[in-house]
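Next up is a structure, given as structure tokens.
The values are calculated or read from the model by the stated rules, or taken from the named source; none is laboratory data. From a predicted model like this one, the values you see are computed outputs, not experimental measurements. Note that we place each Cβ from the backbone using ideal geometry, even for glycine, and neighbour counts take in every protein chain shown.
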Amino acid sequence: MPRSSFGGSVSGPKVDVAIDLGNPFLNVIVDGFLKIGTVAVTRAAAEDAYFTVKSGKFSGHKFEDTLKKMCKEGAYWGTVAGVYAGMEYGVERIRGTRDWKNAMIGGALTGLTISAASKNNGDRIVIDAITGGAIATAADFLNYLT
């Protein structure tokens, strides 16, 4: 029977939360969703806070709109990240090696999947797949530099 556990650690400005769902594939997906979803929520909140302070007007309606935007952005970008993390992990398991090609293939598959789910046409899906592969490969290369 699968076990679930929750753990976390804080050191300096980095916060890392680990959720163990009993399956490494699911763990990778949920981790990607939570990390990038949190970034998207924070960005949406900061953006709306800036415009609220700039305008000097605050209302309950504006606050409600901000919460909706935070949820929408967090869910969208968290889903994209979860799909990418799962694709890259799956490609790594299938290929049996860990290298930049996993990021490229995972990014391309993610771009293709998200684009197709958005009901884009054939050319747009191909362009999104190429873009996803290029961004994921560039991010992987930049990761090696740090």
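Within the range 119-129, how many residues turn out to be in a helix (DSSP H, G or I) and either over 17 Å from residue 90 (Cβ atoms) or touching a residue at least 24 places away in the same chain (Cβ under 8 Å) (or both)?
Selection size over the range 119-129: 7.
How many residues does the range 62-94 contain that are more than 19 Å from residue 34 (Cβ to Cβ), in the same structural domain as residue 40 (by TED's automatic domain parsing) and either out of contact with any helix residue (DSSP H, G or I) (no Cβ under 9 Å at 6 or more places or on another chain) or surrounded by fewer than 17 Cβ atoms within 10 Å (Cβ to Cβ) (or both)?
Here the count works out to 5.
Please determine, by comparing only the residues of the range 1-57 that are closer than 19 Å to residue 80 by Cβ and basic (Lys, Arg), which one is modelled with the lowest pLDDT.
This residue is 35.
Could you list, in sequence order, the residues of the range 95-118 that are without any contact (Cβ under 8 Å) to a residue 12 or more places away in the chain and either touching a helix residue (DSSP H, G or I) at 6+ places or on another chain (Cβ under 8 Å) or more than 26 Å from residue 43 (Cβ to Cβ) (or both)?
Applying the first criterion (without any contact (Cβ under 8 Å) to a residue 12 or more places away in the chain) to the range 95-118 yields 95-99, 101, 116-118.
Across the range 95-118, the qualifying residues are 95, 96, 97, 98, 99, 101, 116.
For residue 132, are the conditions met, namely being within 19 Å of residue 76 (Cα to Cα) and either within 19 Å of the chain's Cα centre (by Cα) or not in a helix (DSSP H, G or I) (or both)? So that I can check it myself, show each step before the final result.
Working: within 19 Å of residue 76 (Cα to Cα): yes; either within 19 Å of the chain's Cα centre (by Cα) or not in a helix (DSSP H, G or I) (or both): yes.
The answer is yes for residue 132.
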